[in-house]
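Report on one structure; see the data block that follows.
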Amino acid sequence: MEESVVVVGAGGFGREVLQWLRDAAAAGAGQRVRGFLDDTAPDLSAFGLDVPVLGPVDPGRLGAGDRCILAIGDPAVRLALAARLEAAGVRFTTLVHPSAVVAPSARLGAGAVVCPFGFIGPDAMVGAHALLNVRASVGHDARIGRAAVLSPHTCVGGAAEVADGAMLGSAAVVLPRQRVGEGARVAPGAVVHSAVPAGVLALGNPASWRRN
Ligand SMILES: CC(C)(COP(=O)(O)OP(=O)(O)OC[C@H]1O[C@@H](n2cnc3c(N)ncnc32)[C@H](O)[C@@H]1OP(=O)(O)O)[C@@H](O)C(=O)NCCC(=O)NCCS
């Protein structure tokens with residue numbers, strides 16, 4: 001049966017998520033986008049979309065059959081919204097773009113987003129609401145935490161971990177078996193050779209870090 005999907009966040013990334021849901025539907029995923037929720041009441045008229053903004057991010061705007069997906073790039077906001085909506089009983093769908101390669105033994109939590117050309121290796125675990133942006137790669141046995149954000153072209157090595165709410169900037173690399181702590185941010189192009197503590201900003205190759 002076709003699933004009715006509501007995209008939370010109607011900014012530029014929301015329009016990307018809409019496109020990818022349509023690509024997935026064309027490939028047979030059975031997801032149909034009913035609209036967006038966004039607190040900023042955005043005007044989408046310039047984009048020629050046939051999908052409305054249904055209102056602010058309020059579970060009362062959702063129908064009984066709707067499932068949500070978060071189209072927001074900030075992991076802290078993803079964590080907070082997911083907690084609020086889940087507490088209200090909202091259910092989430094999972095988006096996997098048809099061009100992504102996901103090992104059958106990999107596990108994805110509800111609300112995870114895997115963008116075009118993503119890769120997830122055997123026995124990797126991707127947490128609820130985690131976001132793998134375009135060409136993000138997650139090696140075998142790796143662990144991606146709840147609402148963690150992997151920006152475009154990031155590479156997480158085998159058996160590495162990116163903990164809950166952490167963020168990897170574009171083209172950042174986490175070497176195999178290394179760990180990025182909860183809420184840490186890794187700058188674009190940085191290479192993580194040793195464990196990054198929770199909450200820090202990690203920069204450079206090899207990455208060093210500073211407290212935020
Ligand atoms: C790295 C980042 C998280 C830091 O954000 P911030 O806390 O607002 O801090 P700033 O941008 O002011 O940068 C802090 C310091 O890090 C340095 N820095 C930022 N990006 C860097 C990088 N890629 N490599 C090395 N140093 C970097 C800045 O020069 C600055 O140094 P200074 O304090 O000595 O002047 C942010 O700049 C960023 O790049 N976010 C990810 C963007 C991204 O990849 N988005 C993907 C969208 S799809």
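Couple of notes before you dig in:
- Selection of first residues in region 86-102 that are without any contact (Cβ under 8 Å) to a residue 60 or more places away in the chain and more than 19 Å from Arg34 (Cβ to Cβ) and of second residues that are assigned to a strand (DSSP E or B) and open to solvent by 60 Å² or more (accessible area, probe 1.4 Å), restricted to Cβ pairs under 8 Å at least 6 apart or on distinct chains, gives the following pairs, ordered by first then second residue: Ala100/Phe119; Val101/Phe119; Val102/Phe119.
- Entry remark, region 91-147: residues being within 16 Å of the ligand (Cβ to nearest atom) and assigned to a loop (DSSP other than H, G, I, E, B) number 11 in total.
- From the options Val186, Val200, Val180, Val149, residue that is touching a residue at least 40 places away in the same chain (Cβ under 8 Å), outside the structural domain of Ile72 (by TED's automatic domain parsing) and of a type in the set (A, V, I, L, M): Val149
- Exclusive hit being outside any strand (DSSP E or B), open to solvent by less than 40 Å² (accessible area, probe 1.4 Å) and over 22 Å from Ala110 (Cα atoms), set Gly158, Gly165, Gly189: Gly158
- Scanning region 108-127 for residues that are under 15 Å from Val162 (Cβ atoms) and either more than 13 Å from the chain's Cα centre (by Cα) or crowded, with 20+ Cβ neighbours inside 10 Å (or both) gives Leu108, Ala112, Val113, Val114, Gly118, Phe119, Ile120, Gly121, Ala124, Met125, Val126, Gly127.
- The conditions of being more than 17 Å from Ala148 (Cα to Cα), of a type in the set (Lys, Arg), out of contact with any Asp or Glu (no Cβ under 9 Å at 6 or more places or on another chain) and open to solvent by 50 Å² or more (accessible area, probe 1.4 Å) are met by Arg61.
- Residue, farthest from the ligand (Cβ to nearest atom), within region 158-212, restricted to residues that are touching a Gly at 6+ places or on another chain (Cβ under 7 Å) and of a type in the set (Asp, Glu): Asp164
- Of the residues making up region 128-146, those that are closer than 21 Å to Ser99 by Cβ and surrounded by fewer than 24 Cβ atoms within 10 Å (Cβ to Cβ) are Asn133, Val134, Arg135, Ser137, Gly139, His140.
- Subset of region 1-43 [open to solvent by less than 20 Å² (accessible area, probe 1.4 Å), out of contact with any Pro (no Cβ under 7 Å at 6 or more places or on another chain) and aliphatic (A, V, I, L, M)]: Val5, Val6, Val7, Val8, Val17, Leu18, Leu21
The values are calculated or read from the model by the stated rules, or taken from the named source; none is laboratory data. These figures come from a predicted structure and were not determined experimentally. Heads up, the Cβs are rebuilt from the backbone with ideal geometry, glycines too, and the neighbour counts pull from every protein chain shown. Note: areas computed on protein heavy atoms with side chains; ligands, DNA, RNA excluded. Shrake-Rupley method; radii C 1.70, N 1.55, O 1.52, S 1.80 Å.
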